[in-house]
Structures are given as C-alpha cells and as structure tokens.
Amino acid sequence: MTDTYDVAVIGGGPAGYVAAIRSAQLGMKTAVIESRGTLGGTCLNVGCIPSKALLQSSEVFHQAKHKVEGLGITYENLSFDIKKIHAHKDKVVKELVDGVAYLMKKNKIKYFNGLGTLLGSQKIAIKGEDNAEISAKHIVIATGSAPIEIPTAKFDHKDVVDSTGALNFAKVPKHLVVIGGGVIGLELGSVWARLGAKVSVIEAADTILPMMDKDVIRTMKKTLGKEGLEFHEKTMFKSLEKKPRSIKVVCEKAGETIELSCDKMLVAVGRRAYTDGLGLENVGLVAEKNGKIKVDHKFQTAVPGIYAVGDVIDGPMLAHKAEEEGVACMELIAGKAGHVNYNAVPNVVYTWPEVASVGLTEQECKSNGMEVNIGKFPFTANGRAKCMAETDGFVKIIADKRTDSIVGAHIVGPSASELIGELAVGVEFSASAEDIARSVHAHPTLAEVVKEAALGVDKRSLHS
Ligand code: NAI
C-alpha cells in the first residue's frame, strides 16, 4: 500500500526542508525526499556554509598577517594548516546537516533518502537508499540548482572545478584562474588569495559584480585589489589547454587573445535550475528556456496541486529567498496569507569588506525615471570602525524624493551582512530615511554609519 501525505516536498535544501517544517507546523502530514544522502541542499553541504567557514579561517589569517600589527599585536611564525581549515569546515557542515535531520524528526516529517520522480500530479516514485511509491495531495518541487558547465571548460573536478571543487583544494593553488567575476568567483577567489594564491578573475561583462551599484563596484575593486585579486574585465573565456603541469587559459579582450597559465581553474559563470531525473514530462510540465519552472503568485505550476519554490523558479538564487518561498507556499496551501516581498530581499557578498544591498541601485532608479535623494556616509568617519582598523567602505541609502521611503540601500564595509538587516526591515515596513535617521543607534557601533547615511538623505549627517 502506498503511503499518503498532505504534502510531499522534493528536495531537502533551504527551500525544501524549511517548507517541510512549516507544513508540519501547520498540521499537515509531510514527507521530504532528498537524493544527496544528507539534508541541507547546496547551501549547507557545498555552498553558503562551507564557503563561509573557509572565508572565516582565511580572513582571520589575512587579518593576523596584514592588520593586527596596527592594533598593537605582534607574533612570530604565523602559519596555517590547510587540513585543519578543511576539518573545521567539514565539522560545521556536519553539525548543521545533522541538525536538519533532527528537525525533521522533531517535526515528525518523514525523510526519504532517494531520488524523487513525479509519476503523476499526486504520485512520486523514490529510488535510492529508500525505495517507495508515495502519494500526496500537494507536491512541492524544491530541487534547486547546479553549476553551469562551459562546453570548452568541462569540469574534471580536480584542476578545472566548480564551486564544490574550489571548497576542497588539498593545497593552496599557485595560480587560480577564476572564470566569472560574480559572487562565487569573488568569494572563493578571496579565500585562496588570502591563503597565498595568485588569483586572476576573468569577467566577460564591463565590470565584476555587474548587477551591483556602481559606487559599490568601484570600492570593491580597490579593496579586493589590495587583497591580491587581479581583474580582467570585458574579457571572454574561450578555451583551455591542459599541459603536463599547468593549464593554458585562452581568453579574448577587444579582439585580442590573452593567455594565462595556471594550476587550478574555477568556473563560476552562474547556476542552472536543476530538474534532472524529476520526471517533469510525466506530469506534462515543461521547463522554461532557462530550465526554470514557471509558477504563479501562489507558487502553483501549470499542474494543479504541484508547486515549486527556491532556485528552481525565477528570481535570485539565494538561500533566504528560497526559505521564505518555502514558508509562504505552505501557508498558501494551508489557506493562509503567505507572501514574499521580493523588494526586501537582501543580497550579500561575503568578501572582506563585505558587500550587502537591498532594493534598487542608483542606476536602476535613474533608468526607471524615479527621482531620488541619496545619503552616503563613509566608515572612515566612524569611531568603532577606526578602533577596529576597518575603515574601507560606506553606507549609501536611496530614498524616493516624493515620499522619503527607502527604495535601496548599499553597504560596503565591515559586517555589512549584519548591518543590512536594519535596512531590509526598513524596506519591509516602508520606512522613510527619516525613520532611520531619528532612531537611536548605540554608540560606538558600526550601525551609526547607517544612521548617518539616513541623515545624509536630508543633507544633515552630523559627523562629516
Ligand atoms: P553570477 O551570475 O553571480 O556571476 C557569473 C559571472 O560570470 C557573471 O558576471 C558573468 O558575466 C560572467 N561570465 C559568464 N560567462 C563568462 C565567460 N565565458 N567568460 C567570462 N565571464 C563570464 O554566478 P555565480 O557567481 O556562479 O553564482 C551563481 C549563483 O549563486 C548566483 O545567483 C548567486 O547569487 C548565488 N550565490 C550567492 C551567494 C551569496 O548570496 N553570497 C554565494 C554564492 C552563490
């Protein structure tokens, strides 16, 4: 006899496992199906979490090497052990994925370890460690995304790697060439540059981080340049040639050929929606040209009863966006008012200094014909940043000229990923710049830079 569920979620990443928890909280009998062998998806296993562990270790090493002398600290023979750095990363990942398995048990969610394939609008086959056929009134596709492979740079998962491979180099590369100056390229490029690799980033667009605010890009190029990253912009990767001890990377810039020689190459040119083996065709679903599954405002696909959330649908491929969609989708299934405010989704690049933003860039406001007031305040004028010797960067707040509502905020600087929280809440609550400017911020804190930028929208910053 087949087991029957109210909700079956295919995919146990941030979209899927969070959806399953919310579903169970709402009293629905829930199953989650995952083929990786561990829960947590790309984010916990081979994405956000392991990369942040490496960023943390490499940042502390880099700070100790280049910055702590300014704080009055000296040391002898600073070094690192790459095996121990990987061990720290692997321990964090294990604790978190085990934690998700615990949450499934705690919420009485049935976890199937295997590949889920749609057999019908209410039927799923599971093959793998667990083999079963189940039925569910509602099926949620949360199968995520996978790295895009360039035909002329096939992954060998040793020297030519995707983001997963670049998390696991057994020793620091001598020269790492990164194809793609996006989020992954810069984060993982930073890790290995801080640990001593020469890092060259090849970016086809006019600039690295092409979607970011122009002021942010300018500052990032300068600070990452200081960290040792070298940028080749307006440069298209063409091909590679493997030699006995190196890789020849061939690129093209303004009609001219550029060649680089390296020992490792990371290809980070974006991710594609992942629906391999899912059996979309069995239920009459066709993925869009970019591989994504089309859904309506209630996350419902073209097949009634089948929903999709996370990287597999439109929008930025971000774990927190995926989680919110998982929650909202379940609330809608349960007849409640689930909703995701896409204008208030923060975006973070975990380099150092970090980059964080929410809402529109100044350039987007201009091209939308929106008149804005802008306040900008540097970390150089902030007491806490000075004490930390971390004064690179700024906070920039963009407000609608008519209403003073915050429509965008951009931060480059220490702890930008934490500081953006206040501004994301501001956008969610339709706060004006004046609301932030009149809120008391503790002194001395980095958050005072946010307040000063908000004051700057009305040209009345106090400390500049
Ligand atoms: P991305 O889309 O951020 O950047 C890829 C870059 O590669 C683009 O700038 C593009 O112009 C460039 N490119 C494409 N083809 C090229 C070629 N042949 N030669 C040279 N340059 C080329 O993609 P990325 O970095 O792979 O990240 C994938 C996804 O994962 C993104 O959606 C990102 O938001 C998400 N992610 C988010 C993180 C975060 O929130 N901190 C961390 C890691 C990933």
For the cross-link pairs LYS29/LYS294; LYS154/LYS242; LYS396/LYS451; LYS84/LYS226; LYS214/LYS234, which exceed 18 Å when the distance is taken from alpha carbon to alpha carbon? LYS29/LYS294; LYS84/LYS226
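What number results when the radius of gyration of the range 344-457, computed over Cα atoms, is divided by 2.2 N^0.38 Å?
Working: Rg = 13.0 Å, N = 114, 2.2 N^0.38 = 13.3 Å.
Compared with the compact-globule rule of thumb, the range 344-457 sits at 0.98.
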State, as an integer percentage, the relative contact order of the range 184-328 based on alpha-carbon contacts under 8 Å between residues 6 or more apart. 14 percent
Please identify the DSSP H helices in the chain that span no less than 27 Å along the helix axis (Cα) and have a mean Kyte-Doolittle hydropathy of -0.5 or more. 82-106
Residue by residue through the range 386-402, which ³J(HN,Hα) values in whole Hz follow from phi under the Karplus form 6.51 cos²θ - 1.76 cosθ + 1.60 (θ = phi - 60°), with glycine and proline marked x? 5, 4, 7, 6, 10, 10, 6, x, 6, 10, 10, 10, 10, 10, 4, 4, 6
Kindly state, to the nearest 0.05, the FRET efficiency for GLN363 paired with ASN343, given R0 = 22 Å and r defined as their beta-carbon distance. 0.85
Full-extension gain between LYS222 and ILE82, please, as 0.36 nm times their residue separation minus the C-alpha to C-alpha distance. 47.6 nm
Partner aspartates and glutamates whose C-alpha sits under 18 Å from that of LYS321, ignoring same-chain residues fewer than 8 away, are ASP296, ASP311, GLU331, GLU418, GLU422, GLU428
Pairwise label distance in nanometres, LYS242 with ASP90, each label 7 Å out on the Cα-Cβ vector: 2.4 nm
Give me the percent of accessible area attributable to carbon and sulfur for the chain, probe 1.4 angstrom. 52 percent
For LYS238, give me every one of the aspartates and glutamates with a C-alpha distance below 20 angstrom, ignoring sequence neighbours fewer than eight places off in its own chain. GLU149, ASP156, ASP159, ASP162, GLU203, ASP206, GLU230, GLU252, GLU256, GLU259, ASP263
Apply the Debye scattering formula to the range 108-226, with a single equal point scatterer on each alpha-carbon and no solvent, then give log10 I(q)/I(0) at q = 0.18 Å⁻¹. -0.93
Solvent accessible area, Å² - LEU360, 1.4 Å probe, full protein context: 50 Å²
In whole angstrom, note down how far apart the Cα centers of the range 53-105 and the range 353-383 are. 31 Å
Provide the packing ranking of 97-103, 115-121, i.e. peptides ordered by the mean count of other C-beta atoms within 10 Å per residue, highest first. 115-121, 97-103
Can you give me the relative contact order of the chain as a percent, contacts being Cα pairs under 8 Å and 6 or more apart? 14 percent
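What FRET efficiency would be calculated for the residue pair LYS106, THR4, taking the C-beta separation as r and a Förster radius of 35 Å, to the nearest 0.05?
Details: r = 22 Å, r/R0 = 0.64.
About 0.95, to the nearest 0.05.
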Can you pull the accessible area of VAL340 for me, 1.4 Å probe, Å² to the nearest 10? 20 Å²
Tell me, Kirkwood radius of the chain from alpha-carbon pair distances, in Å? 23.8 Å
Modelling each spin label as a point 7 Å along the Cα-to-Cβ direction, I'd like the SER439/VAL68 distance in nm, to one decimal. 3.4 nm
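Taking the highest mean first, how do the peptides 26-36, 314-324 order by number of other beta carbon atoms within 10 angstrom per residue? Working shown, then result.
On the way: 26-36: 22.1, 314-324: 19.6.
Highest-to-lowest ranking by the protection proxy: 26-36, 314-324.
What is the extension gain from ASN290 to MET388, computed as 0.36 nm multiplied by their sequence separation minus the C-alpha to C-alpha distance, in nm to one decimal? Intermediate values should be presented prior to the final figure.
Numbers: separation 98, 0.36 × 98 = 35.28 nm, distance 4.44 nm.
Result: 30.8 nm gained on full extension.
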Considering the convex hull of the alpha carbon atoms of the range 272-379, report its projected area averaged over all viewing directions, in nm², one decimal. 10.0 nm²
What figure, in Å² to the nearest 10, do you get for the accessible area of CYS48 with a 1.4 Å probe and non-protein molecules left out? 50 Å²
Lys, Arg +1 and Asp, Glu -1 on Cβ, resulting dipole of the range 344-457 about Cα centre, debye, nearest 20: 200 debye
Treating the Cα atoms of the range 31-160 as identical point scatterers in vacuum, please give the log10 of the normalised Debye intensity I(q)/I(0) at q = 0.09, 0.17 Å⁻¹, two decimals. -0.45, -1.03
With the Cα gyration tensor of the range 160-269 in hand, convert its eigenvalues to equivalent ellipsoid semi-axes via √(5λ) and list them largest first in whole Å. 21, 17, 11
What is the packing order of peptides 431-444, 372-385, taking the mean over residues of other C-beta atoms within 10 Å and listing the highest first? 372-385, 431-444
Using alpha-carbon pairs under 8 Å, 6+ residues apart, how would you state the relative contact order of the range 184-241 in percent? 47 percent
Fully extended contour minus Cα-Cα distance, from LYS234 to ALA205, at 0.36 nm per residue: 9.9 nm
Taking the chain and counting helices only, DSSP H stretches of n ≥ 4 at -39,500 (n - 2.57) each over all residues, the nearest-500 ellipticity at 222 nm comes to -10000 deg cm²/dmol
Counting only heavy atoms of protein chains, what accessible area per residue, in Å², does the range 184-335 have with a probe of 1.4 Å? 45 Å²
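The values are calculated or read from the model by the stated rules, or taken from the named source; none is laboratory data. Being a predicted model, the structure only gives us computed values, none of them experimental. When we count neighbours, we look across all protein chains shown, and the Cβ atoms used for this are built from the backbone with ideal geometry, even at glycine. Protein only, heavy atoms only, side chains kept; ligands, DNA and RNA dropped before computing areas. Shrake-Rupley method; radii C 1.70, N 1.55, O 1.52, S 1.80 Å.
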